[in-house]
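The structure under discussion appears below in the form of structure tokens.
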Amino acid sequence: MAASMISVICRCGRNILRSQIKRNKFWDERALHESAVLRATDEITHKEEEYVDIEVSTEEFKYVEKLFPSKTVPEPPKHELYPTPSGWVPPAAHISTPYAVNRTKNHNLPVYLEVRVGGTRKLTLIRKIDGDIWALEADIRNFLEPITGKKCLTQVHEVSRFIRVRGNYVTEVGKFLVDKGF
Amino acid sequence: MSYIAGITDKALKLIASMPRVALNNLKGLPGSKKTFQRRRGREKGSKHGRGDKGQGARMTLPRLGFEGGQFPFYLRFPKERYYEGHHMKRQYPPLSLLQLQRMIDLGRVNPDEPIDLTTLCNTKLFKCNPEHHHYGVNLTDEGIDIFQAKVNIEVQWTTENVIAAIEKNGGVITSRFYDIQSVMALVDPEKFFQRGIPIPKCKLPPEDAIQYYTDPHFRGYLADPEKVAEARLELAQKYGYEVPDFSKDPLYEMLKQRKDPRQIFFGLAPGWVVNLKDRVILKPKAQEWKEYYHS
């Protein structure tokens, strides 16, 4: 009991001492002023040491400009022969169908493969359709049914302007659209 | 027609007078947000929907993976050695020759200038994220038969048949290693220059990659140039094509461009600081700095 009391007293005493030291330091204006001056001179000498001798040059800035990406997607260059080596064909200038399928911003066809239910359900998605969407759906169905020999099941979304076809027919549908001039 | 126009005018006026749809007046559909409330009352609230007594009621369920004192599944079977450090392994996201040819066809990549990781990332069609341990590009052989471009390309990983496809067209390929700090600078140079720090000195490849990057068969950047020339001939004989003479090529100046093993950007040396605001480059003059950044 006595030992614990002594330790408590000791602890209190130490705290009081500490607070007094703090107070003394805080209120001793002369010491404070001196330390501030010291700090300021320290900073000046430190800064002077930090500066390194450098050479300023504008000649090589052209190499820096080459590293920046273009802000927009460029127009594709004109080729002598189509399709290009990678199989790309530009859209035709005039089309005669009541519908249109627009290219994406990267100048490709908006035909995608959707894989669902752990890879067992595959769907072909055709986006960016303008005009008579039902005429396009009928044309795709008439094109795919003889090729596949199966009934072509489709979903037509009139508001979001897309068609889904059951099964993976991305290459077939892509070829169909290219032949139509999209 | 005028009748319809009147209606549209009225509708437009109505919309103009209505408050604008903004973040402060948006609201979810009724019933879309479901909050769980502790059940109350004599009928449903006696156990508050938590069953009768036990761990479920007192929220003292055992931790995940605990099998009631049995030696648990995740500790029972030993680790496979080849998975060791799998989360730290270097990754090389793939880019096929078909994709590269399509980029060139659509004007996204200029084949008249040397192609490196920055050129590919600037197309925004190829993505490399150093935070996922992506150390650069792996050029794969898909579309190897249609590839026709003549390029000077720098890749981080590739195979023999891809090298043959590029050299057959009179192009040049180099396997080049970049450490992760350099990859960070390469994938987005604008962001890197905005940081205002000196261009880093590229580190040499780690121990397990030195063999690949010094191998002339993979056109390693640390391989002996004479041995690389020999390997070019050897590969041409293997695949049955003729190696064109570079010195007579009109694009000779472009095709012979290579980076220094310590350099990461064409035309810019390590140690330089790029000031984007004043459009100037600051080069250190002190001997100590020069010695540090020298290769």
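The values are calculated or read from the model by the stated rules, or taken from the named source; none is laboratory data. All values derive from a computational prediction rather than experimental measurement. All Cβ positions, glycine included, derive from the backbone under ideal geometry; neighbour counts span all protein chains shown. Heavy atoms of the whole protein, side chains included, go into the accessibility calculation; ligands, DNA and RNA do not. Shrake-Rupley method; radii C 1.70, N 1.55, O 1.52, S 1.80 Å.
Miscellaneous remarks
- Summing Cβ point charges (Lys, Arg +1; Asp, Glu -1) relative to the Cα centre of the range A:99-180 gives a dipole of roughly 360 debye.
- Centre separation in Å (Cα based) which lies between the range A:69-134 and the range B:144-161: 26
- Dipole orientation for chain B: of the candidates B:206, B:267, B:185, B:185 has the Cα lying most toward the positive pole (charges on Cβ; Lys, Arg +1; Asp, Glu -1).
- Charge sum, other residues only, whose C-beta stays under 11 Å from residue A:87's C-beta, Lys/Arg counted +1 and Asp/Glu -1: +1
- Ligands, DNA and RNA aside, residue B:112 has an accessible area near 90 Å² when probed at 1.4 Å.
- The shape of the range A:99-180 comes out rounded: with a ≥ b ≥ c from the C-alpha gyration tensor, a/c is under 1.5.
- Heavy-atom accessible area buried between chains A and B is around 2900 Å² (1.4 Å probe, both sides summed).
- Dipole magnitude for chain B: about 3260 debye, using +1 per Lys or Arg Cβ and -1 per Asp or Glu Cβ, origin at the Cα centre.
- Test item: Cα-centred dipole of the protein assembly as shown, Lys/Arg +1 and Asp/Glu -1 on Cβ, debye: 4320
- Residue-count net charge about residue A:135 - beta-carbon cut-off 14 Å; Lys, Arg +1, Asp, Glu -1: -2
- The helix-only estimate of mean residue ellipticity at 222 nm for chain B, built from DSSP H runs of length n ≥ 4 each weighted as -39500 (n - 2.57), is -8500 deg cm²/dmol after division by the residue total.
- Cα lying deepest toward the dipole's positive end in the range B:76-162, options B:91, B:161, B:125, charges on Cβ: B:91
- Surface composition of the protein assembly as shown: carbon and sulfur make up 55 percent of the accessible area, probe 1.4 Å.
- Residue separation of residue A:156 and residue A:141 scaled by 0.36 nm, minus their Cα-Cα distance, works out to 4.2 nm of gained length.
- If you run the Gaussian network model on chain B, springs between alpha carbon atoms under 10 Å, then out of B:17, B:182, B:247 the most flexible one is B:17.
- All Cα-Cα separations within the protein assembly as shown were binned at 20 Å from zero, giving a P(r) of 14, 31, 32, 19, 5, 0, each value a whole percent of the pairs.
- The gain in end-to-end length when the residue B:24 to residue B:287 segment is fully stretched comes to 88.6 nm, 0.36 nm per residue minus the alpha carbon separation.
- Ordered from highest to lowest accessible area with the whole protein assembly present and a 1.4 Å probe, B:282, A:67 read as B:282, A:67.
- 1.4 Å probe, heavy atoms, protein only - residues of the range B:275-295 losing at least 10 Å² accessible area vs chain alone: B:276, B:279, B:280, B:281, B:282, B:283, B:284, B:285, B:286, B:289
- Antiparallel %, DSSP beta bridges [both residues in the protein assembly as shown], to 5: 70
- For chain B, modelled as a GNM whose springs connect Cα atoms under 10 angstrom apart, the maximal fluctuation among B:204, B:64, B:100 occurs at B:64.
- A cut-off under 10 angstrom between Cβ atoms defines the neighbours of residue B:136, and their net charge, with Lys, Arg +1 and Asp, Glu -1, is 0.
- Of the GluC sites (Glu not before Pro) in the range B:46-100, the ones in a loop by DSSP (not H, G, I, E or B) with at most 13 other beta carbons within 10 Å are B:80, B:84.
- Within the range A:120-182, GluC sites (Glu not before Pro) in DSSP loop having at most 14 other beta-carbon neighbours inside 10 Å: A:158
- Taking every DSSP bridge with both residues inside chain B, close to 30 percent are antiparallel.
- Residue-span extension gain [residue A:178 to residue A:52] - 0.36 nm each, minus C-alpha spacing: 39.1 nm
- Options A:131, A:177, A:111, ranked by Cα towards positive dipole end of the range A:99-180, top entry (Cβ charges): A:111
- GNM on chain B, alpha-carbon springs under 10 angstrom: the most fluctuating residue among B:164, B:231, B:11 is B:11.
- Chain B: relative contact order as a whole-number percent, Cα under 8 Å and 6+ apart: 12
- The trypsin sites (Lys or Arg not before Pro) of the range B:190-250 that meet both conditions, a loop assignment by DSSP and at most 15 other Cβ atoms within 10 Å of the site Cβ, are B:195, B:203.
- Accessible surface area normalised per residue over the protein assembly as shown is 70 Å², counting heavy atoms of protein chains with a 1.4 Å rolling probe.
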